[in-house]
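The values are calculated or read from the model by the stated rules, or taken from the named source; none is laboratory data. None of the values given here were measured: they were computed from a predicted structure. Because the Cβ atoms are built from the backbone with ideal geometry, glycine has one as well, and the counts that use them run over all protein chains shown. Remember, those area values only see protein heavy atoms, side chains included, never the ligands or the DNA or RNA. Shrake-Rupley method; radii C 1.70, N 1.55, O 1.52, S 1.80 Å.
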Amino acid sequence: MKKNIMLACLMAMALGAQAQQGGITQDMLNQIKSSYKHTPADKAIYNAMAETSIAVLAKNHENLANFDTNFTNKVVSHGITDQQQSGRCWLFTGLNVLRAQMMAKYGLDEMEFSQNYCFFYDQLEKANLFLQGIIDTREKPMDDKMVEWLFRNPISDGGQFTGISDVIGKYGVVPSSVMPETYSSENTSQIARLVGLKLREFGLQLRDEAAKGVKVSALEAKKTEMLSTVYRMLALAFGEPVERFTWTMNGETKEYTPQSFYQEYLGNDLTNNYVMLMNDPSREYYKCYEIDFDRHVYDGKNWTYVNLPVEDIKAIAIESIKDSTMMYFSCDVAKFLDSKRGTLDLKNFDYESLMGTTFGMNKKQRVQTFASGSSHAMTLMAVDLDKDGKPKKWMVENSWGAEAGYKGHLIMTDEWFDEYMFRLVVEKKYVPEKVLNILKQKPIRLPAWDPMFAPEE
């Protein structure tokens, strides 16, 4: 016994010594410090960075004149929306795509759907999705990866196009005047924190009941009681959703339900008539993928997508824009963003000259190392083509208000599009048959916690 203890101690000491070998020794520190020459240029940069933002210092002023706002192909848009201090970009983007269709179809000068109405049901459905997920995983330990992911993500205001198809398909839409914004819908952090806290508490209660042998039917009855509490919290924050309302079109006033309103004026089959395309060079192209639990409604459908080279996606996007149809588009918006001018350009900032080093990872490497991923959704609505039909730049309608960027829009170079565009949702009629056939494959299933599928905000 003593011999075994001694061996264990020796092994622990050996492992500790190996770990220490990887630390910074005094000799290493001296070598590192001696490599820094502290030149007059370094001193000047230090003094500047001590008082000024790195982004300001790295701004490439030689690029400021390169700002062309003309586009060969552009979908007409009317009015810029503002998501305020909320993570609802996915919802604003999807509704902006739909409102553009309705305005063009009926010749309307203005139209805006109620984001607050859709968001109420999004939050209620996400609460149910979490609680039912807890019931489904009741026999797994707390440190199980899926259980851990659920408790880390009980609810959020972010989302993807799955939320558009799930929520609108089930609950319809209403004009913004029918259910206007509230402070909490425009500033979601406080109510989200409270609802999330309550859901975690409910989740533990359901697991405790399950451990005592309570049947699933009884757990689901308990879940309904819990959702009543969530409903009240949401109604206090956002107002209670309308069930019937009147609306006037061309002088005729009619009564609608949210579902009948959607069917009369739009009627799109958002689940089956749209395709999500992805450019993720870290995974194999021309394959179909499905993300587990990537839906906003428990009885909805996990969204599936086709992973394509970026040039294939561009060709599809161009066809849609030429046909005056906007698209749901998402990207890594913070990279090389000049928010004042509203441009996304790899030449906007010269970090390499400022820091005296290069940043050489390609898109695949940035995805693999968590340095880049889709973070924000906007509405793709314009492309500028050269004489050979190749794109030079693109424009999106954003949801940060009319004063943000270029009149509420962002303009991106084609080179930036290559590096930081990730997702495009497009109507099937613009997608080649060979791509649609990929959707017939059995999808490769990816876990809910895959970093590429964090909610867009």
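For segment 385-401, the set of residues classified as of a type in the set (Asp, Glu), within 17 Å of Ile411 (Cβ to Cβ) and either in a loop (DSSP other than H, G, I, E, B) or open to solvent by 10 Å² or more (accessible area, probe 1.4 Å) (or both) consists of Asp386 only. The residue that is farthest from Asp418 (Cα to Cα), among those in segment 354-369 that are open to solvent by 80 Å² or more (accessible area, probe 1.4 Å) and in contact with a helix residue (DSSP H, G or I) (Cβ under 7 Å, 6 or more places away or on another chain), is Thr358. One residue stands out among those in segment 202-234 that are open to solvent by less than 80 Å² (accessible area, probe 1.4 Å) and without any contact (Cβ under 8 Å) to a residue 12 or more places away in the chain: the one that is nearest to Leu124 (Cα to Cα), which is Ser228. Checking Ala104 against (1) modelled with pLDDT under 95; (2) assigned to a helix (DSSP H, G or I); (3) small (Gly, Ala, Ser); (4) within 21 Å of the chain's Cα centre (by Cα), which test does it fail? Evaluating Ala104 over (1) modelled with pLDDT under 95; (2) assigned to a helix (DSSP H, G or I); (3) small (Gly, Ala, Ser); (4) within 21 Å of the chain's Cα centre (by Cα) leaves (4) as the failure. Taking each residue of segment 140-155 that is part of a loop (DSSP other than H, G, I, E, B) and looking for partners that are open to solvent by 80 Å² or more (accessible area, probe 1.4 Å) with beta-carbon atoms closer than 7 Å, six or more apart or interchain, yields Pro154/Arg200.
To keep it simple, each residue is scored yes or no on (1) closer than 23 Å to Val97 by Cα; (2) under 29 Å from the mean Cα position of the chain (by Cα); (3) part of a loop (DSSP other than H, G, I, E, B).
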{"residue": "Leu199", "(1), (2), (3)": "no, yes, no"}
{"residue": "Leu204", "(1), (2), (3)": "no, yes, no"}
{"residue": "Val214", "(1), (2), (3)": "no, no, yes"}
{"residue": "Lys222", "(1), (2), (3)": "no, no, no"}
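Might you let me know whether segment 120-137 holds any residue that is open to solvent by 50 Å² or more (accessible area, probe 1.4 Å) and either more than 30 Å from Val76 (Cα to Cα) or part of a strand (DSSP E or B) (or both)? Yes: segment 120-137 contains one or more residues that are open to solvent by 50 Å² or more (accessible area, probe 1.4 Å) and either more than 30 Å from Val76 (Cα to Cα) or part of a strand (DSSP E or B) (or both).
Taking the numbered list (1) hydroxyl-bearing (Ser, Thr, Tyr); (2) under 17 Å from the mean Cα position of the chain (by Cα); (3) part of a loop (DSSP other than H, G, I, E, B) in turn, Thr379 passes all entries but (3).
For (1) under 30 Å from Thr343 (Cα atoms); (2) at pLDDT 90 or above; (3) loosely packed, with under 10 Cβ neighbours inside 10 Å, each residue gets a yes or a no:
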| site | (1), (2), (3) |
| --- | --- |
| Ala17 | no, no, yes |
| Ile32 | no, yes, no |
| Ser35 | no, yes, yes |
| Glu51 | yes, yes, yes |
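Among the residues of segment 53-82, none is identified as in a loop (DSSP other than H, G, I, E, B), farther than 22 Å from Lys393 by Cβ, open to solvent by 50 Å² or more (accessible area, probe 1.4 Å) and touching a Ser or Thr at 6+ places or on another chain (Cβ under 8 Å).
Within the option set Gln85, Gln115, being open to solvent by 60 Å² or more (accessible area, probe 1.4 Å), farther than 18 Å from Gly300 by Cα and within 20 Å of the chain's Cα centre (by Cα) holds for one residue only, Gln85.
Here segment 415-435 is the region considered, the condition is being farther than 25 Å from Gly159 by Cβ and touching a residue at least 24 places away in the same chain (Cβ under 8 Å), and the residue that is surrounded by the fewest Cβ atoms within 10 Å (Cβ to Cβ) is Pro432. Filtering segment 245-282 down to residues that are in contact with a strand residue (DSSP E or B) (Cβ under 8 Å, 6 or more places away or on another chain) and charged (D, E, K, R), which residue is most open to solvent (accessible area, probe 1.4 Å)? Filtering segment 245-282 for residues that are in contact with a strand residue (DSSP E or B) (Cβ under 8 Å, 6 or more places away or on another chain) and charged (D, E, K, R), the one most open to solvent (accessible area, probe 1.4 Å) comes out as Glu255. Looking across segment 318-345, the residues that are out of contact with any strand residue (DSSP E or B) (no Cβ under 7 Å at 6 or more places or on another chain), farther than 30 Å from Lys428 by Cβ and surrounded by 13 or more Cβ atoms within 10 Å (Cβ to Cβ) come down to Lys335, Asp338, Ser339.
Where strands (runs of 3 or more DSSP E) fall wholly inside segment 243-361, the ranges with 3 or more residues that are free of Cβ contacts under 8 Å to residues at least 12 places away in the same chain are 252-256.
Selection of first residues in segment 169-197 that are under 20 Å from Gln263 (Cβ atoms) and at pLDDT 95 or above and of second residues that are charged (D, E, K, R) and in a loop (DSSP other than H, G, I, E, B), restricted to Cβ pairs under 8 Å at least 6 apart or on distinct chains, gives the following pairs, ordered by first then second residue: Pro175/Glu112; Ser176/Glu112.
A count restricted to segment 173-197 and to residues that are outside any helix (DSSP H, G or I) and over 30 Å from Val147 (Cβ atoms) stands at 11.
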